[in-house]
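S.K.: First the structure, then my questions, so here it is.
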Amino acid sequence: MSTGFSSSSSRFADYFVICGLDTESGLEPDELSALCQYIQATKFRDVGRGNLASADAGENFEQSPLRRTFKSKVLAHYPDNVEWNPFDQDAVGMLCMPKGLSFRTQTDIREPQFHSFIITREDGSRTYGFALTFFEEVTSKQICSAMQTLYHMHNAEQYDILHTPPTPRSPEDTRSTPQQLHAAPCLSRLQRFNSYDISRDTLYVSKCICLITPMAFAQACRRVLEQLHQAVTSPQPPPLPLESYVYNVLYEVPLPPAGRSLKFLGVYGPVVCQRPSTAELPLFDFPLQEVFELLGVENVLQLFTCALLEIQILLYSQHYQRLMTVAESITALMFPFQWQHVYVPILPASLLHFLDAPVPYLMGLHSNGQDDRTKLELPQEANLCFVDIDNHFIELPEDLPQFPNKLEFIQEISEVLLAFGVSSEANPQCSEGLGKLRGFRSGDMASDKRNGNLAGSPLNSYLLRENQTIARLQALVKRTGVSLEKVRDLGGSVGEDTSTNKDSKVQCDEEEMKMHQLNIRVREVFANRFTQMFSDYEVFVIQSSQDKESWFSNRDQMQNFDKASFLSDQPEPYLPFLSRFLETQMFASFIDSKILCHDDEDKEHTLRVFDSRVDKIRMLNVRTPTLRTSMYQKCTNIDEAIEMRLCKIDHTALHPHLLDMKIGQGRYEPGFFPRLQSDVLSSGPTSNKWAKRSAPAQWRRKDRQKQHAEHLYLDNDQREKYIQEARNLGTTLRQPKLSNLSPSVIAQTNWKFVEGLLKECRNKTKRMLVEKMGREAVELGHGEVSITGVEENTLIASLCDLLERIWSHGLQVKQGKSALWSHLLHYQESKEKRDATPAGLGPPERRKSDAGCAMPPLKVSLIQDMRHIQNISEIKTDVGKARAWVRLSMEKKLLSRHLKHLLSEHELTKKLYKRYAFLRCDDEKEQFLYHLLSFNAVDYFCFTNVFTTIMIPYHVVIIPSKKLGGSMFTANPWVCVSGELAETGVLQVPKNTLEITFECQNLGKLTTVQMGHDNSGLYAKWLVECVMVRNGITGHTYKFPCGRWLGKGVDDGSLERILVGELVTSMENEDRMCRTPPTQQSPGMMRRFVTISPNKLNTGQIQEGVGEAINGIVKHFHKPEKERGSLTLLLCGEYGLVWALEQVFQHGFKSPRLFKNVFIWDFLEKAQVYFESAEQSQVTQDENWQMRVRHFCHFMRAINSTPRNIGKDGKFQMLVCLGARDHLLHHWIALLAECPITAQMYEDMALLKDHSLVNSLIRVLQTLQEFNITLEASLVKGIGI
């Protein structure tokens, strides 16, 4: 709902329009809408889907003439034109009678129908239309005989069809033409009901009167039109000619000023309208009650969530007014945000091709009442929210996040509705008559115990008993201790209000009053959610330092909101919704308008109202500061301004009066709405009597300015620019043109779509890269981290949505819900036909002699990746499969390459897509693939991290050192692979091939490999270069460097080692894998020793190393939990904590004599022996010292008695990890520095003997105390501490 009004008009209505049958041009079939229906129906035959649509084929040509649509014309409109709102004849004609003319006979129902519509111009400004359609008798003999002729032809055709022997081609065929089963009885029925006999029947045709207004006063316009219609149909003529009333409404009734109410006279009674003040929620005059009764609270909230996330929304109903009411209600509830995309609440039949639009839209489609949902073929369903209003159900796209605090929100809305006696569930009865519940007051409800509805508390009512959500809510409410009796009191009070209002002379009827009260209560509840969620949004707005001009020109490149910081403040459950919402166009536009206005005077109406509410909340929070929690705060704001305005009318317009008409003018035939006298209606009064009477003359001028300001507060050039630039970011087309539908216009529209898609693709890839690069730069030590896992998922989901929109643009025939997956399946089918030979799976069997070579990279195969996805039983839908495939391709850095392969099948693309489709525009397609190619610059784990429970094949290769007798090795090796999600357990590796392939549940990113052997046979010594592990689906290869011996009596005597791995990039995979790394100084580490001093590090470098290692761990814990990498890598990996402390202990270590190797562990064991003896000899030491000694000895004993054969360096690694976990490292360093053993085993210049250095080391290690370090199971296996 825009707060922008299109006109500078200060008049209540701009035009009065009459539409209907032009007897001079006769009966013209409404070709466009007929053609659309015909194409819809015959489309499937061409594709060889069987004769699915034969019964309805071209509804229009085979339907009985009374059911066909004929062209309606705008018969007259008064005045001819007004400068601020040029009359758009095509659009008005189309929307007044969206399905054209319809005919009835005296046997049919001919109730007048009211509906409203909206005309949105290309600049986003809006005009409202209110139409009343009724039936009049056809007096023209030619039209009646034409109808009779059409019937003769139709019956003859039907007769032929029914007497042709049926040849059904498919089971659907028999279903779709039931007439064939009972030909004879059907024929007689056909003649009886489906006919028009000129001698026997009276023919009626539809006609429509309509008001075009700058503001949506729906209730007032409805009254005016109903009274005008009543004047024509009532036996008594009205007091004045019709022209007087139309003239009055067009020229003498002003728009009420903001915050005021206005009364004017209709034909038979007063009409009241009121307009909110600048401090209230914007004008909204449609009944929200109807929306909740039609859909139920839960569905309304889901639809609301879809609209906020700018998902394509299609409303479906056979009532035009329902389409409009639901669309306007949903957009009104979004306050302070505004729908920024295509908005056509009533889509005329001739514009059905707009459903192909690859942009977010909110459209309403008229159903004929006969077809069910399955017959409706929509071009794009992967990201569509389909709302069947009449059948009270809603189809949602997959992966729709929950609106924050959804249950409490539903509870609060339900309470408000209950207070007004409205059910919180979709109410099937409301289809028959929405009026039934309207007279029903909750006061009566509470007192009427016989109903059994409300014996205890109102929430136990039958309305709620069925619904599980409400049942959960009830339990929740009881737990929070809220008394439900308040609801009943509230109910009573509403009942009483209405009765007291009667005494104070409410100027509109009780019904309308109740509608306004309910609307404002519900809208306040919705508005309160946003004021709570965004109460501190201003802090995160990034104000531009540039002037407006340069801001506009660089708008695309700029971030206007600090999303990462804002999200980091939010409660965890809000993130899935908020991270997607912050990416929407409506949020960006809202922030843009915040940046553009510097003071309150500048502000757009909605922004001003919202900001004042936010300020109010802040004031409250200053007094009672609340942490940002997901505590639900109810709405306390109850606005009674409307009731005040309706009790005391501020202005009364001039009454209708006789006009200066010639004698004889203004007479007409009862039962027929006449063409009015255009000479008296073509222009208004020369002097504005009402302006003097009801308000100062400047009022009009101010009002006009205010409307401009409410629309946009810049001068015209800037406004144009703003509309083009800011609002259209990512969408080049906001609104379909309803008027000119020539092929060239349609082609141009499609071209705009193509350009818009390309622009959106460019913006999305850029945003994803900037976020991702930002994050990786942080890990390299530059900049600040700015992306969360939720946010990454959001960006990838929006990329999937963009791909779906691109793939469904210009589709010839829709198959399945996902256009992308459908194309992939076609490709797979054609490829498999061509290559009847099966594709080679996995790497060829390798002999042991090849073992030194690299693991060959996986073959790049689009089909193979599809098969992987098809084998995942957890993914059930096409949309899910397409998304999984996109995620997998992103992770493998093959998305652009795969899509290029897919689109290189030109014949297939031609077969599936129309000429104008995006995928057939070569230049744009190339640019699009080029943008996607940029994703290869960064690593995504968007497949591995999302599909955590699937089975994945892994391939492990152990690469022994080539130099030293790998071939003589006799023992039996084993490995155990661990990842962030799980570990495999011990796997035996055949010693002749040294490789193994196994399948297990997704391990996540791989972190460690434990490997060892059973020490059997004559030669059980083994020098291992590294272990390679590859994920068979994503192709990720990890390298776990070792470079150490495994065997008794060699190196540190270890039979098993824990290796820490890192991901190998494909380039390393191919080139660098066969080189042997140097033998290393500690378990499982690949060392790139500091180049400056390759042999020994000096104390400064060691201190720096320790500092860096601790810093890495501190940073790790400051990241959001979902974002943390591998802690194991920070502890045991290259330059990790273990390595850093190893340097500390090796510094100044006395060199071993001759060939005996001395390890740090030997020193620690000697220290342990000393401490144990000191404890026994009861050397007097303080309590603290004894405590530390006890801990140290306990850990040493536990590690030494482990059943694992991990060797001395492995034991040192384990001690450091456990000490870090239990926050004991700094105590142990202090103990060891004081220990006499240190004096024996270290040189005088050793770091451990320098008190100041030891103290600074202790201080650095103390920083780990505030973190809760959890160790990976593989690091502490076999230790029971």
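The values are calculated or read from the model by the stated rules, or taken from the named source; none is laboratory data. Since the model is a prediction, treat every value here as computed from it, not as a measurement. Because the Cβ atoms are built from the backbone with ideal geometry, glycine has one as well, and the counts that use them run over all protein chains shown. Accessible surface is based on the protein model in full, side chains and every heavy atom, while ligands, DNA and RNA are left aside. Shrake-Rupley method; radii C 1.70, N 1.55, O 1.52, S 1.80 Å.
S.K.: Determine if segment 869-889 includes at least one residue that is at negative phi, in contact with a Gly (Cβ under 6 Å, 6 or more places away or on another chain) and of a type outside the set (V, I, T).
M.R.: Yes; the residues of segment 869-889 include at least one that is at negative phi, in contact with a Gly (Cβ under 6 Å, 6 or more places away or on another chain) and of a type outside the set (V, I, T).
S.K.: Sticking with this structure for a sec: Tell me yes or no: at least one residue of segment 365-385 is at positive phi, at pLDDT below 80 and not aliphatic (A, V, I, L, M).
M.R.: At the first step, the residues of segment 365-385 found to be at positive phi are 369.
Filter once more, so that each one left must be at pLDDT below 80: 369.
When the remaining residues are screened for being not aliphatic (A, V, I, L, M), the result is 369.
Yes: one or more hits.
S.K.: Within segment 1001-1023, count every residue that is over 21 Å from T949 (Cα atoms) and of a type outside the set (A, V, I, L, M, F, W, C).
M.R.: Number satisfying all stated conditions: 9.
S.K.: If you don't mind, another one. For segment 1250-1281, which residues satisfy the criterion of being at pLDDT below 85 and of a type outside the set (A, V, I, L, M)?
M.R.: E1272, S1274, K1277, G1278, G1280, listed by residue number.
S.K.: Assess whether L575 counts as being modelled with pLDDT of 75 or more and in a loop (DSSP other than H, G, I, E, B).
M.R.: Against the criterion (modelled with pLDDT of 75 or more and in a loop (DSSP other than H, G, I, E, B)), L575 does not qualify.
S.K.: Could you go through segment 821-835 and let me know if any residue there is loosely packed, with under 14 Cβ neighbours inside 10 Å and at pLDDT below 80.
M.R.: Yes - at least one qualifying residue is present in segment 821-835.
S.K.: While we're here: Quick one: R1204 ticks every box in (1) basic (K, R); (2) open to solvent by less than 60 Å² (accessible area, probe 1.4 Å); (3) at pLDDT 80 or above; (4) in contact with a Gly (Cβ under 9 Å, 6 or more places away or on another chain) bar one, so which box is it?
M.R.: The single condition R1204 does not satisfy is (3).
S.K.: I'm trying to understand the selection: among the residues of segment 1114-1135, which are of a type in the set (V, I, T) and either surrounded by fewer than 20 Cβ atoms within 10 Å (Cβ to Cβ) or without any contact (Cβ under 8 Å) to a residue 24 or more places away in the chain (or both)?
M.R.: V1114
S.K.: Which numbered condition trips up K893, out of (1) part of a loop (DSSP other than H, G, I, E, B); (2) in contact with a helix residue (DSSP H, G or I) (Cβ under 8 Å, 6 or more places away or on another chain); (3) at pLDDT below 85?
M.R.: (3)
S.K.: Right, something else. Which of the following residues is open to solvent by 10 Å² or more (accessible area, probe 1.4 Å) and in contact with a Leu (Cβ under 8 Å, 6 or more places away or on another chain): L407, L362, L351?
M.R.: The unique qualifying residue is L407.
S.K.: Sticking with this one: Quick check, is C1000 open to solvent by less than 30 Å² (accessible area, probe 1.4 Å) and closer than 23 Å to K893 by Cβ?
M.R.: no
S.K.: Cβ contacts < 8 Å: first residue without any contact (Cβ under 8 Å) to a residue 40 or more places away in the chain, restricted to segment 509-521; second residue open to solvent by 10 Å² or more (accessible area, probe 1.4 Å) and charged (D, E, K, R), any location; separation 6+ or different chain. Result?
M.R.: E510/K502
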